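The values are calculated or read from the model by the stated rules, or taken from the named source; none is laboratory data. Everything numeric here is computed off the predicted structure, so don't read it as measured data. With ideal geometry, Cβ positions are generated from the backbone for all residues, glycine too; neighbour counts draw on all protein chains shown. The area values use the complete protein model at the heavy-atom level, side chains included, leaving out ligands, DNA and RNA. Shrake-Rupley method; radii C 1.70, N 1.55, O 1.52, S 1.80 Å.
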Amino acid sequence: MYSSLCYPIHSFSTSHLFIFIFLIPRALPFILVSFFQPDRSWTAAKCSHISQVYSIGRSVEGRDLLVIEFSNNPGQHELLEPEIKLLGNMHGNEVLGRQLLVYLAQYLCSEYMLGNQRIQTLINTTRIHILASMNPDGYELAASEGHLLNGWTNGRTNAENIDLNRNFPDLTSVLYRNREFTDCTVHLLYGMHVAPETYAVMKWIRSLPFVQSASLHGGELVVSYPFDYSRHPQEERMFSPTPDEQAFKQLARTYADAHATMSNNDTERCGASFYRTRGIINGALWYSFAGGMSDFNYLHTNCLEITVELGCDKFPSEAELYPEWKRNKEALLSFMESVHRGIKGVVKDMDGNGIKGATIAVRGIRKDVTTAEDGDYWRLLNPGTHILTATAKGYSKVSKRIYLPHNMDKAGRFESYSRADLNEAGVERQEKPWWWNYFSQSGISPPTWLLRNI
């Protein structure tokens, strides 16, 4: 029996170098094989060919938690294709993230059909899941008041008055007590009430091999990243890094730097100061809280999740939506593309069957990832030299030194733009895209493809 270990990802637009390391039963040596595979280009003409809508559960009041998925093979996990999720409206009165994700879904659909190479490449190489509203009950309460009357907290919680971002099992406390990542498994449901929305998301993130994630919020203009809970619970503001501090900082920087104003120190904020960090911060250093979704993602799965605070106005008026879309569009795209940084690979036995649950360790980072159902895995890493070790029960341990070049910082980015983004003079178009009126005019329903199972 053997397993393939990994290969570095340099760019969407260049060939990928595959490096396979075979794990052999303990009595046998290992074999190294490498080869090149050229880029593949995919095309599709209809949005139904690249999307589907599914429900991950229901809210307290029975509303579906609807996810729209984009992929060149919707409904199927493809070997070595990374999966990414974007969530909005976890706090029901923080409405901007919900709207931006609805716009993002329409943008991905329309630009794919228009032949935008960047979007086609993204969808053809990535499985994207968008949950626009994790808290539809809270949203309905906030929406009934409207953006002029809605307060700072009305609709924040779900219909059971539970703050969903304090309702996940507190694995961070378990980690701090045990000081070992291997003990951070989900046993903490005893004695706590888990909201149906929380439970649905927990099942969702356990069912798919998500690599990275962003949760969109409102109330500040900053990107925060785990840990959100201070390593000393009495300290409300204390730098509390994960072993993946550098990878998390890079993810946060990717969004903040691509945003129109977030990383600019001259940008007006909402009370907090991020002058030294240019729009990003460790969550616990900003303010500490337990039971957060991002910490749970990190400690219970392979997924690295950041929290994006979109601005001071949690419930902006209709007139503000298009400017906000323009400010965040490039950041959203860049963040999704960044899932292709790092390494990925497959662990197999001698018959070519994938080995589920094999462990991939990186020297110097005390957080391992495990292989998915088909034996494939992904490991977000920054440029540099890394030593990886693959282990599986009953097999010999194999290590390999991997070099990731610094030019991979621009992985997935293209210098050219489609005609949908630029006019003939190369200047960004100012008029709204053709689909905008679907969402901005009163009395017009959203396209049915967003609401039905395809």
Exercise. Say R0 is 45 Å: what FRET efficiency, to the nearest 0.05, do S399 and N264 get from their beta-carbon distance?
Worked result: 0.55
For this session: Quickly work out the S48-to-E373 label distance, labels modelled 7 Å from Cα along the C-beta direction, and quote it in nm with one decimal.
Result: 2.5
Problem set entry | lysines whose Cα lies under 29 Å from that of K348, excluding same-chain neighbours fewer than 8 positions away | K85, K203, K356, K367, K393, K397, K400
Exercise. Counting every Cα pair in the stretch 38-340, what percent are over 23 Å apart?
Worked result: 55
For this session: Classify the stretch 336-398 as rounded, prolate or oblate from the Cα gyration tensor: take a ≥ b ≥ c as the square roots of its eigenvalues, call it rounded if a/c is under 1.5, otherwise prolate when a/b beats b/c and oblate if not.
Result: oblate
Exercise. Counting only residues 5 or more places away or on other chains, whose amide H sits under 5 Å from the amide H of D376 once H atoms are built in the peptide plane?
Worked result: V347
Exercise. At what distance in nm do the modelled label points of K432 and Q246 sit from each other, each positioned 7 Å from its Cα along Cα→Cβ?
Worked result: 4.5
For this session: Sticking to Cα atoms, compute the Rg of the stretch 291-395 to one decimal and its Dmax as the biggest Cα-Cα distance, whole number, in Å.
Result: 18.7, 61
Problem set entry | Sequence of E220, E236 when ordered by accessible area, the most exposed leading, probe 1.4 angstrom | E236, E220
Seminar exercise, completed: Note: N154 to N407 extended length (0.36 nm per residue) minus current alpha-carbon separation gives 86.5 nm
For this session: Add +1 for every Lys or Arg and -1 for every Asp or Glu among the other residues with Cβ under 11 Å from the Cβ of M90, and state the total.
Result: 0
For this session: Considering only protein heavy atoms, with the full assembly of protein chains and a 1.4 angstrom probe, order H49, H340, H386 by accessible area, largest first.
Result: H49, H386, H340
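Provide the percentage of antiparallel DSSP beta bridges, counting only those with both residues in the stretch 38-340; round to the nearest 5.
Given both bridge residues lie in the stretch 38-340, the antiparallel proportion sits at roughly 45 percent.
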